[in-house]
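The values are calculated or read from the model by the stated rules, or taken from the named source; none is laboratory data. Since we're looking at a predicted model, the values are computed, not measured. Reconstructed Cβ throughout: ideal geometry from the backbone, glycine too, with neighbour counts over all protein chains shown.
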Amino acid sequence: MGFVFLYKFTAQFKFMREMQKIVQLFDDLQQGECWVGLNMQQALSGIDAATAAYKRNENGNNIWQLVNHLIYWRKTVMIRLRGVNAHPPVPDFYLPDDRDELSWHATRQEFEKVYKDLRIAINSLDEKKLDTASPMPGQTYYQLLLGCLQHDAYHMGQIVLLKKG
């Protein structure tokens, strides 16, 4: 089975440019056949507002905060792709006062919008810049993008664990 997956991966990526490969990895993590066994849409599927807002302990984050954290950092990556070392003007790990289904749906919609915006931003980056310094000291644009993928996969794992209760 692993060989078939490796062949599919190799055949699919063989003739793609590096930027196309990176975008494909983001697509797979968000809604495709992700290397970790599930994608963000699957991880968030079936989570209602009450589950998203539930905290296991007072010092930890809940699913809602993690989704907003992912939104925050994807926006940060988009800002850095424009050559600026800054953060978006929204709080990290934000938890809204209204924790109803309508608000949870709005957060999910924002998460999807930011994914699409990030995808456009990545596609707009000149591939020649991948190995050049990003605005973050000691980091290339390539490291920025792959770091974002790793960051998102890590927090997706947290979401899955919190979803299981």
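Among the residues of the stretch 76-90, the ones that are farther than 20 Å from P137 by Cβ and modelled with pLDDT of 95 or more come to 1 in all. Within the stretch 47-60, not a single residue is within 14 Å of the chain's Cα centre (by Cα) and modelled with pLDDT of 95 or more. When M78 is tested against (1) buried (at least 19 other Cβ atoms within 10 Å of the Cβ); (2) in contact with a Lys or Arg (Cβ under 9 Å, 6 or more places away or on another chain), just one condition goes unmet, and that condition is (2).
Looking at the stretch 92-100, can you tell me whether even one residue there is surrounded by fewer than 19 Cβ atoms within 10 Å (Cβ to Cβ), assigned to a helix (DSSP H, G or I) and either within 16 Å of the chain's Cα centre (by Cα) or in contact (Cβ under 8 Å) with a residue 60 or more places away in the chain (or both)? No, the stretch 92-100 contains no residue that is surrounded by fewer than 19 Cβ atoms within 10 Å (Cβ to Cβ), assigned to a helix (DSSP H, G or I) and either within 16 Å of the chain's Cα centre (by Cα) or in contact (Cβ under 8 Å) with a residue 60 or more places away in the chain (or both). Tell me yes or no: at least one residue of the stretch 9-21 is modelled with pLDDT under 95 and under 16 Å from the mean Cα position of the chain (by Cα). Within the stretch 9-21 (the criterion being modelled with pLDDT under 95 and under 16 Å from the mean Cα position of the chain (by Cα)), the answer is yes, since at least one residue qualifies. Summed over the stretch 128-149, the residues that are surrounded by 13 or more Cβ atoms within 10 Å (Cβ to Cβ), assigned to a helix (DSSP H, G or I) and either out of contact with any Leu (no Cβ under 6 Å at 6 or more places or on another chain) or of a type in the set (A, V, I, L, M, F, W, C) (or both) give a count of 8.
Here is the figure for the stretch 18-58: residues that are surrounded by fewer than 18 Cβ atoms within 10 Å (Cβ to Cβ) and not in a helix (DSSP H, G or I) total 14.
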